[in-house]
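A short worksheet on the structure shown next.
FYI, it's all coordinate maths here, none of it is from the lab. The structure displayed is predicted, hence computed values, not measured ones. Note: ideal-geometry Cβ built from the backbone for every residue, glycine included; neighbour counts use all protein chains shown.
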Amino acid sequence: MHRRPLSSFTLLSALLLGRVGVAAEVDPTIWAALAAQGKTRIIVNLLIDDAADRSATAQAEHVHAAQQRLLDALGNRRFALQQRYQLIPALALEVDDATLRQLAARSDISQIEADIGGIGHGITVDESLDLNGLTPLLSVGADGNGMKVAILDSGIDTDHPDFSGRIVAQACFCSGCCPGGSNAAEDNNGHGTWVSGIIAGDGDVAPRGALPNVQIVAVKVLAANQTFQNLSSIISALDWVRVNHPDVDAVNMSLGTDILEPDNCDTKYASLTSAINNLRNIGAVVSASSGNQQSSNSMSSPACIRNVMGTAAAWDFTGTGSTTFCSDAATPKKPACFSNRSTTTDLYAAGAYLTSTAMGGGIGSNLWGTSFASPMVAACAIALKQAAPNSTVAERENAMRNAPTQVTDTVSGRSYPFLDCINALSQLIAVPDQVFGNGFE
């Protein structure tokens, strides 16, 4: 009788399992990081009772107790606590090999993730708002008044006239890069100010954004070089938004991991998924950019998470689309050559080239990237909720996905919906005929 040889992946898995006697699932890349550096950052997902019917206060108590049990059990092991969440049953730690072995053998831990970094998806509003059906929203009263958006990015130009009086909260969760402290989100890159203008600029200086009256929660998670070092800081920011702004209507993240995923990635990024689901459960649509690595079969996280509106970018003009990564013959609504997409991408929106608010109270132009498509979705989600306040998150998401225009990616052959917000609105409420008479349908 012949035995089949073990595949290299199976052999590696067997060696790792035998090495630590694991009870928890451990990302194999963590061992490589430990071998190279002697210590590494991880996210530990804890097993607790189902929280479906638990209040936020009760959930926080359960999470805190589970976290404390683990920290007490570690005792004097060599570790550093990086992030402690309020509603998410997880901890972010820096550990050595011995501590990881102890954690991996515990039965109260479900999964240990690598705490990886990433980047913002924009490079240094206009006709793009027209293409995405956002311009006519003011004519039906959907201007963002009484609504709130949380923008996780490089911060915001807090003195820009186009946001005057509407930045209602600030926070910083940028690892080692909060120059103004934990309660300040002053932009020192520009990316966050560009994104914020697309959603919320009032048109005083730069072209008007989609929702000139929406309230802004600015959360700085990207450094001056437009990167984040650790995913755990993004999770902390989302946790903070859920705890401190339970009335938030949409959350936008124009950023993502350097690692790309070909499918839904909820299992791999369990704690991030938990943070996103907490926001969705209180009525917030969460959008994220797919990334700019030109991949036809994968996206970054968080765009790859099932309950995130993962958004790819299309051109908004006719001519030559030239970017750092590629050049293309551009036409309106044509998928942009730089944009990531996969079988789980939710939709496309215009993302090149745009004009928006810029640091120093000014205007930024020739902006391109999936970073500028994702805020179109966040703005549309808020407009839909303002106009149809009894609609559910799923109804608003599906209304955007059920767009009448489909765009085709010539590389993969797949077709995707192209955001048409006024059409999405018509799926939820009666829209006056004169709005469609202006060519928006």
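Assorted remarks:
- Formal net charge of residues neighbouring Ala381 (Cβ-Cβ distance under 15 Å; K, R +1; D, E -1): -2
- Along principal axes, Cα extents of the stretch 184-288, largest first, whole Å: 44, 32, 28
- Dipole magnitude of the stretch 118-426 about its Cα centre (Cβ charges: Lys, Arg +1; Asp, Glu -1), debye to nearest 20: 540
- Projected area averaged over orientations for the chain, convex hull of C-alpha atoms, nm²: 23.2
- Annotation: the residues Lys334, Lys39, sorted from fewest to most other C-beta atoms within 10 Å of their own C-beta, follow the order Lys39, Lys334.
- Per-residue Cβ neighbour counts within 10 Å put Glu25, Glu397 in the sequence Glu25, Glu397, beginning with the fewest.
- FRET efficiency, Ile429 to Arg306 (Cβ-Cβ, R0 35 Å, nearest 0.05): 0.80
- Taking N as its residue count, the alpha carbon Rg of the stretch 323-433 over 2.2 N^0.38 Å: 1.17
- Cα-Cα pairs of the stretch 237-292 separated by more than 13 Å (percent): 63
- For the pair Ser327 and Val243, label points projected 7 Å from Cα toward Cβ lie 5.1 nm apart.
- Largest-first ellipsoid semi-axes for the stretch 52-171, taking √(5λ) over the Cα gyration tensor eigenvalues, angstrom: 42, 19, 15
- Among Ser107, Ala250, Asn213 the positive-end extreme of the charge dipole of the chain (Cβ point charges): Ser107
- In the stretch 53-96, the C-alpha radius of gyration followed by the widest Cα-Cα span (Dmax) gives 11.5, 37 angstrom.
- Annotation: amide H-H contacts under 5 Å for Gln293 (H modelled 1.01 Å from N, sequence separation of 5 or more, or interchain): Asn340.
- Considering only the stretch 275-402, percent of DSSP beta bridges that pair antiparallel, nearest 5: 60
- Legend: ranking of residues Cys172, Cys304 from fewest to most surrounding C-beta atoms inside 10 Å; resulting order Cys172, Cys304.
- Entry note, the chain: the mean residue ellipticity at 222 nm calculated from DSSP H runs of n ≥ 4, each adding -39500 (n - 2.57), is -8500 deg cm²/dmol after division by the residues and rounding to the nearest 500.
- Summarised in one figure, the compactness ratio Rg/Rh of the stretch 28-76, Cα atoms and Kirkwood Rh, is 1.14.
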